[in-house]
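In what follows, a structure is listed as structure tokens, so that the remarks can point back to it.
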Amino acid sequence: MDAGYQHHQMFAKRVCGVLILTTLLSLTPSVSRTETTSPFQEGVEYVKLRLYPQAVDTFKSIVSQHPTNVDALFQLANVYKLQDELELAIQTFNKILAIAGSKNAEITERLYGLTHLALSEIYCKQSKLDIAEQHAKEAVQSRPAEADTHYRLGYIYTHQANFDEALAAFKRTLTRNPDFSEVYEWLGLIALMRNEPQQAVTHYQTAIEKKPYVQSAYYNLAKAYRLLGDMPAARKQLKLFHQMKTYYDQTYAVESALIEAPMNTTLRLKLAEIHLEHKHISAAVATYQALIRLHPNLTVGYDKLGRLYMNLNMPQHAIPFFQKVLKLDPDAVEAHLRLGWLYTQSKAFDKAESHLQAAIEKMPKLSLAYHGLAEIYTQQGQLQKAIEVYQHITKIKPDDDDARKALHELERLKRSQTTR
Amino acid sequence: MPKNPSNHNSYHIFGFALITIFISLLCPTVASTEQIFIDVTESAGLTFAHTDGRSGLRLFNEFLGSGGGFFDYDGDGDLDIYLVNGAIQTEKTQGNTPHNVLYRNNGDNTFTDVTKEAGVGSTRYGTGATVGDYDNDGDLDLYLTNFGTDELYQNNGNGTFTNVTDRAKVGNPNWGTSCAFADVDNDGHLDLYIANYAEYATAHDKRCEERGVHVYCGPHSYPAVHDTFYKNNGDGTFTDASTLYRPADLIPQHGLGVTFGDYDTDGNIDLYVANDQDPNFLFQNTGTGNFLEVALISGVCYNDMGKEEAGMGTDFGDYDNDGKLDLTVSNYQTETNTVYRNHDNTFFTDNTITSGIAEVTHGYLGWGIRFFDYDNDGFQDIFVANGHLMDNINVLEKHVTYPQRNLLFRNLGDGTFANITSETDGLALKKVSRGAAIGDYDNDGDLDILVTNCNQRPDLLQNAVGNQNNWIQIQVVGKKSNRSGIGARIKVVTGTHVQYREVHSGGSYLSFHDLRAHFGVGKSEQIEIIEIRWTNGHIDQGIRLPVNRRFIAVEGEKIVPVD
């Protein structure tokens with residue numbers, strides 16, 4: 001199914017950021033598959049996985065039984081918002097505020113503030129900045145210590161060209177969260193709009209330092225250099241912008257397709273590969289984790305994560321994923337091999353040997369496994385055992401030059417030890 | 001617990017009060033009851049009704065709409081109107097076949113349909129149009145873009161036209177949208193640029209859905225095709241020079257808006273193309289027979305987030321009177337329209353937010369867009385024609401409507417604009433607008449507006465306030481330069497202002513405009529200097545000229561009043 005004309009804007013951060021999503025999800029503890037999952041937690045999990053229709057059904061079901069369950073209402077409203085069902089989202093968020101206004105209801109200050117913040121975002125998206133501003137102010141009043149609320153106000157003031165107020169709001173945001181990278185982008189933009197290119201350069205450099213995967217920062221940094229008359233620097237940033245834009249466009253295309261087919265494993269793997277190609281490791285990890293949550297019985301997600309951590313030289317992170325692969329597929333020879341290698345790296349030789357032997361048991365002519373065993377014996381100083389293993393390799397794989405060389409080297413070493 | 005503002009009437013009242021205060025702040029000079037533009041469509045006799053051939057299938061070519069514009073086809077000194085029509089695509093037409101219409105200005109604020117006798121009632125599925133004297137014979141010829149082969153109508157000089165498409169070799173077979181004439185190589189003959197949209201055939205139409213709702217497909221559902229550039233051979237024929245002029249590595253995009261303008265003031269006319277959900281193009285004319293595409297390095301490729309937008313219409317104009325052509329682009333709803341200020345003839349700054357148009361235009365889907373000085377105060381204002389693309393948008397987004405109001409932004413003279421779209425006059429119309437053309441059709445010294453609408457009649461909006469200030473209009477006639485004077489750069493100096501205009505044949509969206517250069521001069525009683533730089537570099541000058549007059553400037557001759 002082709003996307004409609006509007007589809008391209010689904011991820012647009014031009015007007016309303018997606019920061020709140022993270023905040024909303026962090027309201028609830030993460031779901032562990034080993035624990036009993038409540039319907040609420042299940043709904044939250046659906047949201048994380050962008051399974052919005054399922055999430056709506058789940059939260060609606062909770063709300064039908066408990067109409068004043070503000071947490072469920074909040075999540076439901078949030079899903080509507082994520083689906084661009086803005087009127088439904090407004091109605092539902094307003095229900096929370098109505099409940100908050102009644103005498104007997106209990107609602108936390110945090111939820112109240114977040115509700116106003118969410119409404120502010122929606123009204124921004126609907127080009128109703130005056131109403132958005134009122135809600136943002138309520139959010140600030142309710143949650144003055146939260147950087148997000150001040151950020152929203154700063155965002156609105158920027159778009160109203162009320163730069164002094166915007167700068168004050170962004171300053172408050174940074175006081176609360178100095179790593180709020182988006183703020184530096186807006187500070188840069190304000191500086192550009194005020195024809196202060198040198199300041200813009202500083203802000204955009206900070207933004208890039210804090211979050212290097214945002215195309216707009218490079219683009220605007222180039223513009224700042226352009227205004228300063230520094231063409232080489234501008235061209236350099238435009239080159240980087242192109243790289244980031246390519247990355248964004250690629251991920252955008254896959255994410256758009258995932259909205260139509262959220263369970264599609266190939267798409268998720270492709271998305272992770274794009275992240276890896278651009279060295280955005282955390283995004284790749286998150287993508288694999290989402291794949292695992294969606295398909296907990298598929299080995300591919302665990303295997304990919306294990307390999308990723310292996311490549312990052314983080315054996316302790318990698319090992320559990322290969323163990324999970326073996327749990328799901330005891331015949332996964334490659335997992336045995338990798339665990340053998342990882343345990344060898346960790347000097348856990350017994351475990352390493354056990355996995356390599358298991359691999360050999362399943363594939364008796366698997367020379368790589370023998371190489372692993374030989375390595376273990378070598379590292380432990382058991383040269384004779386290592387020599388025997390290499391001799392075995394040369395028998396089952398006569399053209400294995402590596403084995404031949406290693407064997408030659410070990411025999412030479414052994415001779416020298418004997419001579420001494 | 002804080003009170004819930006959304007659930008109290010007081011909030012709504014408070015909100016309403018805020019909005020009222022906000023609007024009143026934005027409208028410092030216009031009383032709420034003042035009629036700025038009056039809808040005179042009916043009294044003018046414009047009975048034309050557009051059809052997009054609505055099939056119910058949401059065919060991909062139904063939503064772009066059609067354009068039109070003002071031009072004096074019969075050379076009688078007043079502006080006539082041409083309107084482009086769509087066509088029925090899915091069934092045999094019963095009764096009258098939809099066709100384009102030419103209205104002759106009767107000189108008394110009414111028009112007469114002269115389509116048949118003029119011979120310009122094309123029945124193809126029309127999109128855009130432009131005019132220019134391509135054969136330098138002293139009358140304006142008409143070029144039409146279609147979903148299908150485009151057409152050139154040569155003006156015979158006697159009230160009739162001849163379709164010379166084949167003879168002139170300008171039958172662009174692609175789906176042309178906006179188009180414009182300009183003398184790109186300064187040889188005295190008008191060349192022609194046509195933006196092309198997509199490679200599409202109704203027989204291969206795709207069905208698109210969004211959240212389960214059948215919607216019009218986005219541009220990327222169909223591949224883009226390169227735009228077309230025809231070089232005028234000077235003998236009544238053109239050569240397709242598209243590949244010669246465009247950079248070899250240019251990636252085709254979905255072209256919609258076209259405006260020529262010498263943004264770098266080097267004497268070679270340049271070109272900006274607004275592309276739909278694609279990077280926009282700025283073609284810098286090297287003067288050596290080709291264009292360089294410099295949008296990115298010039299800051300006019302993307303929005304301020306480095307993202308392509310759904311560019312629809314576009315126009316060059318010097319809104320800050322600094323002698324450098326600025327640029328505006330209309331975009332999709334939830335994108336803002338863009339105002340780019342020409343910084344140094346090589347780079348543009350994005351002044352969308354600081355200019356004050358961002359917040360308002362974010363809520364509208366813009367198409368036709370044009371710089372023009374509606375109130376003759378010496379600063380160019382902006383008009384935008386709006387209307388959503390999806391007839392069923394309300395199903396997906398309750399707060400968005402298919403018909404939308406158009407917008408008028410008054411230039412406050414300090415780099416900012418105020419939305420003065422009044423609730424009470426012709427600007428209050430809510431329609432599915434597309435094209436917008438500007439011209440003084442009633443010759444009363446202020447600029448009127450023609451808006452084309454999808455499946456509706458057009459709107460002729462008569463300016464009711466502009467001539468409260470003084471003005472002049474200049475018709476340029478080239479001799480060595482192209483006869484229409486397209487590309488001529490005119491500088492007008494009064495005691496209070498220095499203003500610049502270039503004569504352009506296109507701009508906006510699918511539309512064309514009065515070729516006479518119009519200057520509002522506020523309360524100035526005299527024009528100190530008029531200076532015209534022709535496309536061949538020749539400069540003519542007139543000094544100490546009266547206001548509220550129409551002038552004719554023949555290249556190399558004295559600038560004289562028309563009557």
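Taking every residue in B:211-222, how many Cβ atoms of other protein chains lie within 10 Å of its Cβ, on average?
On the way: counts 9, 1, 1, 1, 6, 3, 5, 8, 2, 6, 5, 1.
Averaged over the peptide's residues, the number is 4.
By the rule of a C-alpha distance below 22 Å, with chain neighbours fewer than 8 residues away ignored, the lysines paired with B:K491 are B:K324, B:K479, B:K480, B:K523, B:K558.
Per residue, how big is the convex hull of the range A:190-326 when only Cα atoms are used? Give it in Å³. Numbers along the way, then the final one.
Working: hull volume 15.7 nm³, N = 137.
So the per-residue hull volume is 114 Å³.
Distances between every pair of Cα atoms in the range B:242-328, grouped in 5 Å steps from 0 to the bin holding the largest one, split as 3, 15, 25, 26, 20, 9, 3, 0 percent. Counting only Cβ charges, +1 for Lys and Arg and -1 for Asp and Glu, the dipole size of chain A around its Cα centre is about 1000 debye. Principal axis extents of the Cα atoms in the range A:322-420, from largest to smallest and rounded to whole angstrom, are 50, 28, 16.
With 19 Å as the limit, the listed pairs A:K324/A:K347; B:K169/B:K231; B:K398/B:K431 have A:K324/A:K347 beyond it between alpha carbons. Compute the distance from the alpha-carbon center of the range B:147-199 to that of the range A:205-242, in whole Å. Going from one Cα centre to the other spans 41 Å. Between the helical axis of A:129-142 and the longest alpha-carbon principal axis of chain A there is an angle of about 70 degrees. With the convex hull of the Cα atoms taken as the outline of the range A:316-362, the averaged projected area works out to 2.7 nm². Accessible surface of A:M231, taken over heavy atoms with a 1.4 Å probe and every protein chain present, rounds to 60 Å². Relative to the Cα centre, the charge distribution of the range B:173-295, modelled as +1 at Lys and Arg Cβ and -1 at Asp and Glu Cβ, gives a dipole magnitude of about 540 debye.
If I take all pairs of Cα atoms in the range B:86-193, what percentage of them are more than 24 Å from each other? Mind dumping the intermediate values first?
Numbers: 1615 of 5778 pairs.
Result for the distance tail: 28 percent.
Using the Cα coordinates of the range B:195-289, the gyration tensor eigenvalues translate into equivalent-ellipsoid semi-axes of 32, 16, 10 Å, sorted from longest to shortest. Across the range B:265-307, the convex hull enclosing all Cα atoms gives 69 Å³ per residue.
Whenever you get a sec, compute what percent of the accessible area on chain B sits on carbon and sulfur atoms (1.4 Å probe).
51 percent
Considering chain A at the alpha-carbon level, its Rg and Dmax are found to be 28.0, 93 Å.
Plugging the Kirkwood radius over Cα pairs into Stokes-Einstein for chain B, at a temperature of 37 °C and a viscosity of 0.692 mPa s, what D comes out in µm²/s? Don't skip to the end; give the middle numbers.
On the way: Rh = 23.4 Å.
Approximately 140 µm²/s, per Stokes-Einstein.
Taking the helices alone, chain B has a mean residue ellipticity at 222 nm of -2000 deg cm²/dmol, built from -39,500 (n - 2.57) per DSSP H run of at least 4 residues and averaged over all its residues.
Counting other Cβ atoms within 10 Å, which trypsin sites (Lys or Arg not before Pro) in the range B:488-563 have at most 15 and lie in a DSSP loop?
Working: sites: B:R489, B:K491, B:R501, B:R516, B:K523, B:R533, B:R544, B:R549, B:R550, B:K558; in loops: B:R516, B:K523, B:K558.
Within the range B:488-563, the qualifying trypsin sites (Lys or Arg not before Pro) (loop, at most 15 other Cβ atoms within 10 Å) are B:K523, B:K558.
Over all orientations, the protein assembly as shown has a Cα convex hull whose mean projected area works out to 48.4 square nanometres.
Once the Cβ-Cβ distance between A:K405 and A:K347 is put in as r, and R0 is 22 Å, what FRET efficiency do you end up with, to the nearest 0.05? List each step's numbers first, then the result.
Numbers: r = 24 Å, r/R0 = 1.11.
That pair, A:K405 with A:K347, gives E of 0.35.
From the largest down, the range A:265-379 spans 40, 25, 20 angstrom on the principal axes of its Cα atoms. Pairing chains A and B buries close to 5200 square angstrom of accessible surface in total, based on protein heavy atoms and a 1.4 angstrom probe. Counting protein heavy atoms only, the range A:200-339 has 55 percent of its accessible area on carbon and sulfur, 1.4 angstrom probe.
Consider all pairwise Cα distances in the range A:110-154 and report the whole-number % of them above 14 Å.
Numbers: 314 of 990 pairs.
Taking all Cα-Cα pairs of the range A:110-154, the fraction more than 14 Å apart is 32 percent.
For the range B:212-242 versus the range A:257-314, the inter-centroid distance based on Cα atoms is 41 Å.
Among residues other than B:A224 with Cβ under 14 Å from its Cβ, the summed charge is -4 (Lys and Arg +1, Asp and Glu -1).
Straight-line reach from A:K81: which aspartates and glutamates have Cα under 13 Å away, leaving out those fewer than 8 places along the same chain? By straight Cα distance, A:K81 reaches A:E121, B:E397. Legend: P(r) of the range B:213-359 from all alpha carbon pair distances, 10 Å bins from 0, whole percents, reading 11, 40, 33, 13, 2, 0.
Which residues of the range B:283-308 show a drop of at least 10 Å² in accessible area when all protein chains are present, compared with their chain alone (probe radius 1.4 Å, heavy atoms only, ligands and nucleic acids excluded)? Those residues are B:L296, B:I297, B:G299, B:Y302, B:N303, B:D304, B:M305, B:G306, B:K307, B:E308. Each of the GluC sites (Glu not before Pro) that DSSP puts in a loop and that has at most 14 other Cβ atoms within 10 Å breaks chain B; the longest unbroken stretch is B:200-422. Projecting the Cα atoms of A:G372, A:F241, A:P53 onto the dipole axis of the protein assembly as shown, where Lys and Arg carry +1 and Asp and Glu carry -1 at the beta carbon, places A:G372 farthest toward the positive end.
Per residue, how many Å² of accessible area does the range B:260-411 show with a 1.4 Å probe? Intermediate values should be presented prior to the final figure.
Numbers: 2850 Å² over 152 residues.
Heavy-atom accessible area per residue stands at 19 Å².
Length, then width, then depth: along the principal axes, the Cα atoms of the range A:94-168 run 42, 26, 13 Å. Under the combined filter of DSSP loop state and at most 11 neighbouring Cβ atoms within 10 Å, the range A:278-308 retains these trypsin sites (Lys or Arg not before Pro): A:K279. Computing Rg and the Kirkwood Rh from the Cα coordinates of the range B:340-452 gives a ratio, Rg/Rh, of 1.00. Computed with a 1.4 Å probe over protein heavy atoms only, the accessible surface of the range B:506-563 comes to 41 Å² per residue. Based solely on its DSSP helices, what 222 nm [θ] is calculated for chain A when runs of n ≥ 4 H residues each add -39,500 (n - 2.57) and the sum is averaged over all residues, nearest 500 deg cm²/dmol? Only helices count here, giving -24500 deg cm²/dmol.
State the extension gain, in nm to one decimal, for the chain segment bounded by B:V560 and B:K479, taking 0.36 nm per residue of separation less the distance between their alpha-carbons. Walk me through the intermediate numbers first.
Values: separation 81, 0.36 × 81 = 29.16 nm, distance 1.59 nm.
Difference between extended and current length: 27.6 nm.
The values are calculated or read from the model by the stated rules, or taken from the named source; none is laboratory data. This structure is a prediction, so every number in the text was calculated from the model and none was measured. Counting neighbours? That spans all protein chains shown, and the Cβs are built from the backbone with ideal geometry, glycine included. Quick note on the areas: whole protein, heavy atoms, side chains included, nothing else; ligands and nucleic acids left out. Shrake-Rupley method; radii C 1.70, N 1.55, O 1.52, S 1.80 Å.
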